[in-house]
Structure formats: C-alpha cells, structure tokens
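The structure under discussion appears below in the form of structure tokens.
The values are calculated or read from the model by the stated rules, or taken from the named source; none is laboratory data. This is a predicted model, so every value here is computed, not measured. Glycine gets a Cβ as well: all are built from the backbone with ideal geometry, and neighbour counts include every protein chain shown.
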Amino acid sequence: MRRICALDTSSAVGTFALAEVSDAGVRVLLEREQRVSNAHGESLLPLLDAACRELGWAPKTIERWIVGIGPGSFTGARIATSLVKGIVLATEAEVTAVSSFEVLAFGLPVAIAFVDAMKGDRYVQAWRDGQPSEPVYVPANALEAWMRGAIDAAGPSVTLIGDVPVVAGLGVEVVERTPVRASEMIGIGLRKAAAAATDLEPLYVRSADLHVKVSEAK
C-alpha cells in the first residue's frame, strides 16, 4: 500500500487529496478545498498537517507527491511547487508534476483546454490523442480570432474545455470545468515517471515568446 498526496494551488481554490494505492487501485481517503485570494502559503501547510493527523499519517510516510504546476496564478503555482520540492528533497519521496491542461484534456480525443489568465485573457493548449501542442497565452482581444482559427485546424470533433470564453457560433462542444481538483490529478500523476525534485518548476506560459498575435490565428 502506497501513500499519495496530490495538491494544486494555481487557482484561487487550493485543493489537495490524500490517497492509498494498491494492486486493487486508487482509494482517495480525504480531499480538501479552500477558496483563498493570495494566502495559499499561509493556509496550505496547516490544512495539510491537519489532514495527515486526521488519517494518522506522518508526512514522511507519503511515498509520492503529485503537484499541480499551473498555469494560473504565478504566486499560487510557486507555492505548491516550492512546498513539494522542499518536502521531497527532505524525505526522498517521489514527485510528478501535472499541469491544469493535462487534467482538463484527459480522456478527450481532440480538445482545446482553457485556463483563466485574469482580465479576460486565457492560457490555452490544444490536445490530440493525448499529445499536446505548445501552450500559449492569448489576450482577451485576440481570443475570438484565435479560437476560430484553432477550431478550423482541429476539426468539428474538438471539445473546448475549462474556462472557455463565450463566443457565439463556434459549432463545437463546450464543457465548462473549473477549477482543477486534486483527486483528478492522481491518476495522471501515477501514470508518469517520477521526476527529479530539482527540475520541478511552475508552468507560467505567459512569456514574450509565447504571446499570440491575432494574425497567427488566421
């Protein structure tokens, strides 16, 4: 029996789940969510400590940490990755990183996943048969043109999922799903090979070389 902790603080809703993994599968024992503004750093450790005590776990007995790396809040994503990196370096537990895009697009043959980037902007990643494109940051004034171009490229079977902007006449399936929950990260994280703690970094996306121009979407 292996003990697992998954956690994500990349949105305003901090979420973590504690689970056991055996030959029979995954059993989520406890899941907590808490909406905060900018206080994940203050609230996460006490909540996690209380949850471990509730189950009678010592943090050092957790064998794998599955951490959400965003994108989303820069500060929030840093809090989770920094916390898990410190724990893993101290306990020599395994760690895997899971993006919000991976959770949103999981199980969909063709998908475009949207994550809130504030002020109407979005982080976006397209998926086909489990394979992602490069994630991009799309400002609000470019979203409609970008979406229409991306749908034309993906085809009518695409599903738009996540924090999808409201645009009329797209002619494809739209699934609103927000925010990501820690329990949804577990299956994905367990399928991935363990990473080096020193390589653990947030997925920011919004950098100069990934900004999208409207002309690129046409």
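Take Val110 and tell me if it is closer than 23 Å to Ala126 by Cα, surrounded by fewer than 21 Cβ atoms within 10 Å (Cβ to Cβ) and at pLDDT 95 or above. Considered against the rule, which asks whether it is closer than 23 Å to Ala126 by Cα, surrounded by fewer than 21 Cβ atoms within 10 Å (Cβ to Cβ) and at pLDDT 95 or above, Val110 comes out as yes. Considering the range 113-129, the residues that are surrounded by fewer than 20 Cβ atoms within 10 Å (Cβ to Cβ) and touching a helix residue (DSSP H, G or I) at 6+ places or on another chain (Cβ under 8 Å) include one that is farthest from Arg206 (Cα to Cα), namely Arg128.
When we screen Glu92, Glu134 for residues that are over 25 Å from Phe16 (Cα atoms), surrounded by fewer than 20 Cβ atoms within 10 Å (Cβ to Cβ) and of a type in the set (Asp, Glu), the only hit is Glu134. Of the numbered criteria (1) touching a residue at least 40 places away in the same chain (Cβ under 8 Å); (2) assigned by TED's automatic domain parsing to the domain that holds Phe16, the one Ile87 fails is (1).
Within the span defined as the range 177-198, one or more residues are more than 19 Å from the chain's Cα centre (by Cα) and either assigned to a helix (DSSP H, G or I) or not assigned by TED's automatic domain parsing to the domain that holds Val95 (or both). Checking each residue of the range 28-50 against the condition of being at pLDDT 95 or above and either touching a Gly at 6+ places or on another chain (Cβ under 9 Å) or closer than 19 Å to Pro202 by Cβ (or both) gives no match.
All told, Ile62 falls short of being surrounded by 16 or more Cβ atoms within 10 Å (Cβ to Cβ), outside the structural domain of Ala19 (by TED's automatic domain parsing), of a type in the set (Val, Ile, Thr) and at negative phi. Determine, yes or no, whether Asp116 is charged (D, E, K, R), assigned by TED's automatic domain parsing to the domain that holds Pro135 and in contact with a strand residue (DSSP E or B) (Cβ under 9 Å, 6 or more places away or on another chain). Against the criterion (charged (D, E, K, R), assigned by TED's automatic domain parsing to the domain that holds Pro135 and in contact with a strand residue (DSSP E or B) (Cβ under 9 Å, 6 or more places away or on another chain)), Asp116 qualifies.
One residue stands out in the range 177-189 among those that are at pLDDT 95 or above and not hydrophobic (A, V, I, L, M, F, W, C): the one that is nearest to Ala140 (Cα to Cα), namely Glu184.
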